[in-house]
Amino acid sequence: VAVEIFPDNKEGSRYVAQQIANLIREKEKKGQHCVLGLATGSSPQNVYAELVRMHKQEGLSFKHVITFNLDEYYPIEPDALQSFHRYMWERLFKHVDILPENVHIPDGTVPKDKIKAYCQQYEEQIEKAGGIDLQLLGIGHNGHIGFNEPGSNMNSRTRLIALDQATRIANSYEFAHIAEVPRLAITMGISTILKARRIILIAWGQHKAAIIRKAVEGHSTEQVPASLLQQHPDCTFVLDEQAASELT
Ligand code: F6R
């Protein structure tokens, strides 16, 4: 993987937003849709804020953008405070001119016996859109990408997964109590992610330094899902100095 290091989250986020905007504009010029894979969590917040700013001040249009989010808790109502639906609409979609029918976020309300078919359909929708041009990723302390926890198969596709207890604890700050953090999630698989033509993983802060080192310099192993990105031909880790501080 390639590594780009910036002084802080703000500057790194500005760079990533610029990369996304360049791609949207390039594809628009060719009369093509731009298909983005998107992440939630704390890491991409400034990227989305910068994209909203570019829409409002620089005329960046999302009219020809199609999005697929990586994951969603299960079960969860789309209007729940902690849902990734809500996160995406509040932070990005409602502030730009994206067409609601072009937004795809795994549905946390699908009945359990329909989840398999639903996940298969999510994969088909990505293919029908022409595949993901650019996938944005964060990274969990255990190396998860999307909610592909350690041990996730290289060939995994969109599916229901049990969250690691460490992930539930890391995300519990958004819930009143750890018991309220869902135990399950729907996530794109490792192979879904690796099929994206280009991948940008972002990480900020000292607390991500150890896992970034493992992901970039360690063996490529299913035990550290982000290390599987070493096998992708166009993947860049965009880091701040703290997240990069343990790289040799
Ligand atoms: C979110 C996602 C997760 C997060 C990861 C890091 O859609 O897929 O993999 O990217 O848990 O979360 P933050 O950015 O909150 O540290």
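What FRET efficiency comes out for Ser245 versus Ala117 if R0 is 51 angstrom and r is the Cβ-Cβ distance? Round to the nearest 0.05.
0.70
Quote the FRET efficiency, to the nearest 0.05, computed for Ile5 versus Arg183 with a Förster distance R0 of 22 Å and r equal to the Cβ-Cβ distance.
The computed FRET efficiency comes out at 0.05.
Cβ under 15 Å from Glu11's Cβ, Glu11 left aside: what net charge do those residues give with Lys, Arg +1 and Asp, Glu -1?
-2
Determine the sum of side-chain charges near Cys119: Lys and Arg each +1, Asp and Glu each -1, restricted to other residues whose C-beta is under 9 angstrom from that of Cys119.
With Lys, Arg at +1 and Asp, Glu at -1, the neighbours total +2.
How many angstrom lie between the Cα centre of segment 1-51 and the Cα centre of segment 128-154?
What the calculation gives is 16 Å, centre to centre.
Select from Gln120, Thr167, Pro78 the residue farthest towards the positive end of the dipole of the chain; place +1 on Cβ of Lys and Arg, -1 on Cβ of Asp and Glu, and compute about the Cα centre.
Gln120
Working from the alpha-carbon coordinates of segment 2-240, get Rg over Rh, Rh being the Kirkwood radius.
Dividing the radius of gyration by the Kirkwood radius yields 0.93.
Taking only the alpha-carbon atoms of segment 155-239, what semi-axes of the equivalent ellipsoid follow from 5 times the gyration tensor eigenvalues under a square root, in whole Å, largest first?
For segment 155-239, the ellipsoid semi-axes come out as 24, 17, 11 Å.
If the chain between Glu222 and Glu28 were fully stretched, how many nm would it gain, using 0.36 nm times the residue separation less the Cα-Cα distance?
Result for the pair: 66.2 nm of gain on full extension.
What does the charge dipole of segment 2-240 about its Cα centre add up to, to the nearest 20 debye, if the Cβ of each Lys and Arg holds +1 and the Cβ of each Asp and Glu holds -1?
Dipole of segment 2-240, to the nearest 20 debye: 300 debye.
Between Asp133, Asp97, Asp107, where does the largest GNM mean-square fluctuation fall for the chain, given springs only between Cα atoms within less than 10 Å?
Asp97
If I stretch the segment between Gln230 and His207 completely, what's the gain in nm (0.36 nm per residue apart, minus their alpha carbon distance), one decimal?
6.1 nm
Can you give the translational diffusion coefficient of segment 1-137 in µm²/s, computed by Stokes-Einstein from the Kirkwood radius over Cα pairs at 25 °C and 0.890 mPa s?
155
State, to one decimal in nm, how far the label point of Glu77 lies from the label point of Asn153, with both points 7 Å from Cα in the Cβ direction.
Simple spin-label model gives 3.6 nm for this pair.
I'd like to compare 219-228, 162-171, 192-201: which one has the highest average count of other Cβ atoms within 10 Å, and what's the full order after that?
Final packing ranking: 192-201, 219-228, 162-171.
Just the projected area, averaged over all directions, of the convex hull on the alpha carbon atoms of segment 115-187: how many nm²?
Here the figure is 5.7 nm², rounded to one decimal.
Toward the positive end of the charge dipole of the chain, about the Cα centre and with charges on Cβ (Lys, Arg +1; Asp, Glu -1), which of Asn155, Leu239, Ile202 goes farthest?
Positive-end residue among those listed: Asn155.
Values quoted throughout were computed directly from the atomic coordinates according to the rules given, and no laboratory measurement underlies them. For clarity, every value in this text was computed on a predicted model and none was experimentally measured. Note that we place each Cβ from the backbone using ideal geometry, even for glycine, and neighbour counts take in every protein chain shown.
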